[in-house]
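Shown next, in structure tokens, is the structure this report addresses.
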Amino acid sequence: MNRESMIKNLEAQPEKVWDILIIGGGATGLGAGVDAASRGYDTLLLEQADFAKGTSSRSTKLVHGGVRYLAQGDIALVLEALHERGLMRQNAPHLVKDQVFIIPNYVWWDGPFYTIGMKVYDMMAGKLGLGPSEHISKEETIKYIPNLSEKGLSGGVIYYDGQFDDARLAVNLAQTMVENKGSAINYFEVVDLLKSDEGMVCGVKAKDHESGKTHTIKAKVVINATGVFVDNILKMNDKNAKKTIKPSQGIHIILDKSFLQGESAIMIPKTSDGRVLFAVPWHGKVVVGTTDTQVDYDSLEPRALEEEIEFILSTAAQYLKKDPTRKDVLSIFAGLRPLAAPEDDSEETKEISRGHKLIVSESCMITMTGGKWTTYRKMAEDIIDKAAMIAGLDERRCVTKNMPIHGYVANVDHSNHQYIYGSDLVGIQKLVSNQPELADVLHPNLPFTKAEVVWAVRSPLCVYWWVG
Ligand SMILES: Cc1cc2nc3c(=O)[nH]c(=O)nc-3n(C[C@H](O)[C@H](O)[C@H](O)COP(=O)(O)OP(=O)(O)OC[C@H]3O[C@@H](n4cnc5c(N)ncnc54)[C@H](O)[C@@H]3O)c2cc1C
């Protein structure tokens, strides 16, 4: 089913009351959509732009327990995230892969300190661990990261975490939702809420940005999963609503692979501002980030600040043989963390827990704040448990723990860049067997073939769901 037929269905039944209506097509909303549809609830999700247009395409792309949260003592979050890391890798192996990380040690006690810390991390992952952490010599550290600055280097700690493709996972979640008889429509913006005579939220008014038409859609329960935009929806519910979000901006820069040779990533556990910085191989380039800058705006296109770019460049330069400069930056992306505002507003954003928080308004609308991509499945389970109760739906258990996500394949060959298509690769190969010239690459410097473009354009899902 494509966007057009989902809208036709909507228009054909204007009086229909959906079991669950979700606003927002990022990790939180799409996860909830998959959970609800796979329990058999009649579910509609509306996204104002492309799926994952917001924060969910601007992450560091790590499926991780969060070494920093361990240092902060947020044990419950680390345990939950490590468990979810294992499930994400099991259910979407075409988009989640193991990644070797090296913590370089420039002070001798960093060796034992981080080795013990990472052993605790391994223990917490239990059976879902990806490999044993260990202390390694200076020579081995350089073997893993050949262009690491050697001045003062005493050794390193190797550990394993996951890396994933955030935007593609979002699209695959939308496809999984639709395969489970849910409807997910993009370019559909919620512009107002419907209220019953008793003041309960019972649906939305939404504008189709393609046709310009506004639709009135009824639902037994409405879920606000709009990331940094949740306060806008809460204001539609109650114009005096208090702010629930403290947005924090994080940026990444992309550098050429020559800055980080080999397949391993670097993790700097403590930057000058007390954060963590990663340099991770990413589709033949290197992604370096991130920052944690408290901001007071929401935006679908946040802009990196010059000082954030400078901070990343100067921190990376301390650890790399070759100093990256402004002209080496190939691209930049910025995202806003929808952090749950703490009671004590003085707290810095880097100190705020990345755990999630469910808010149920007096009008029975459910809002989700905080969270991480890694824990999207568990967040979704919590949201839908609550939504089913509020809407008075039949009690049905969550089935996503062992549910393959669209594109799932058992054996993934990561050496071919097309592995990210998973089971959809068959469609691309079919195109090539019918028209062999489609196997040609688009440009000698790029691995992408003409067949990938033709497949993307022809696929009824990807016409609307393509995220570049
Ligand atoms: C810099 C950075 C790095 C990160 N790195 C990691 C990481 O490595 N690993 C990890 O696990 N997590 C990471 N995270 C956290 C993770 O990316 C977020 O927690 C997650 O993406 C939030 O998803 P969301 O669905 O809540 O918000 P969003 O992705 O922002 O989705 C909300 C959606 O709602 C839509 N919307 C808003 N208003 C309306 C409306 N009126 N009608 C319809 N739709 C609407 C928006 O267009 C948007 O698409 C990172 C975050 C940042 C900022």
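The values are calculated or read from the model by the stated rules, or taken from the named source; none is laboratory data. The model shown is predicted, which means the values in this text are computed figures rather than measured ones. Cβ: placed from backbone, ideal geometry, glycine included. Neighbour counts: every protein chain shown.
For region 138-149, indicate whether the set of residues that are within 16 Å of the ligand (Cβ to nearest atom) and touching a strand residue (DSSP E or B) at 6+ places or on another chain (Cβ under 7 Å) is non-empty. Within region 138-149, none of the residues are within 16 Å of the ligand (Cβ to nearest atom) and touching a strand residue (DSSP E or B) at 6+ places or on another chain (Cβ under 7 Å). The set of residues in region 6-45 that are surrounded by fewer than 18 Cβ atoms within 10 Å (Cβ to Cβ), among the charged types (D, E, K, R) and out of contact with any Leu (no Cβ under 9 Å at 6 or more places or on another chain) comprises Lys8, Glu11, Glu15.
Residues in region 236-246 that are within 11 Å of the ligand (Cβ to nearest atom) and at pLDDT 95 or above: Met236 only. When Met200, Met177 are checked against the criterion of being in contact with a Cys (Cβ under 7 Å, 6 or more places away or on another chain), touching a residue at least 40 places away in the same chain (Cβ under 8 Å) and under 30 Å from Val360 (Cα atoms), a single residue qualifies: Met200. Kindly indicate whether any position in region 13-26 is out of contact with any helix residue (DSSP H, G or I) (no Cβ under 9 Å at 6 or more places or on another chain), free of Cβ contacts under 8 Å to residues at least 24 places away in the same chain and under 30 Å from Thr115 (Cα atoms). Among the residues of region 13-26, not one is out of contact with any helix residue (DSSP H, G or I) (no Cβ under 9 Å at 6 or more places or on another chain), free of Cβ contacts under 8 Å to residues at least 24 places away in the same chain and under 30 Å from Thr115 (Cα atoms), which makes the answer no. Exactly one residue out of Leu77, Leu148, Leu128, Leu82 is surrounded by fewer than 20 Cβ atoms within 10 Å (Cβ to Cβ) and farther than 30 Å from Thr214 by Cα, and it is Leu128. Can you pull out every residue in region 268-300 that is within 11 Å of the ligand (Cβ to nearest atom), under 23 Å from Ser258 (Cα atoms) and of a type in the set (A, V, I, L, M, F, W, C)? If the condition is that a residue be within 11 Å of the ligand (Cβ to nearest atom), under 23 Å from Ser258 (Cα atoms) and of a type in the set (A, V, I, L, M, F, W, C), then Val276, Phe278, Val280, Val287 are the ones that fit.
In the condition set (1) crowded, with 22+ Cβ neighbours inside 10 Å; (2) over 30 Å from Asn416 (Cα atoms), Met267 is compliant with all but (2). For Val276, the conditions (1) at pLDDT 95 or above; (2) hydrophobic (A, V, I, L, M, F, W, C); (3) closer than 28 Å to Val230 by Cβ all hold with the exception of (1).
Filtering region 185-207 to residues that are away from the ligand (no atom under 11 Å from the Cβ) and either buried (at least 22 other Cβ atoms within 10 Å of the Cβ) or part of a strand (DSSP E or B) (or both) leaves Leu194, Lys195, Val201, Cys202, Gly203. Selection of region 328-349 for residues being at pLDDT below 95 and within 12 Å of the ligand (Cβ to nearest atom) yields Arg337, Pro338, Leu339, Ala340, Thr349. If the condition is being surrounded by fewer than 17 Cβ atoms within 10 Å (Cβ to Cβ) and within 19 Å of Asp19 (Cα to Cα), then region 208-217 contributes only Thr216. For Lys321, are the conditions met, namely being buried (at least 17 other Cβ atoms within 10 Å of the Cβ) and either closer than 18 Å to Ser56 by Cα or modelled with pLDDT of 90 or more (or both)? The answer is no for Lys321.
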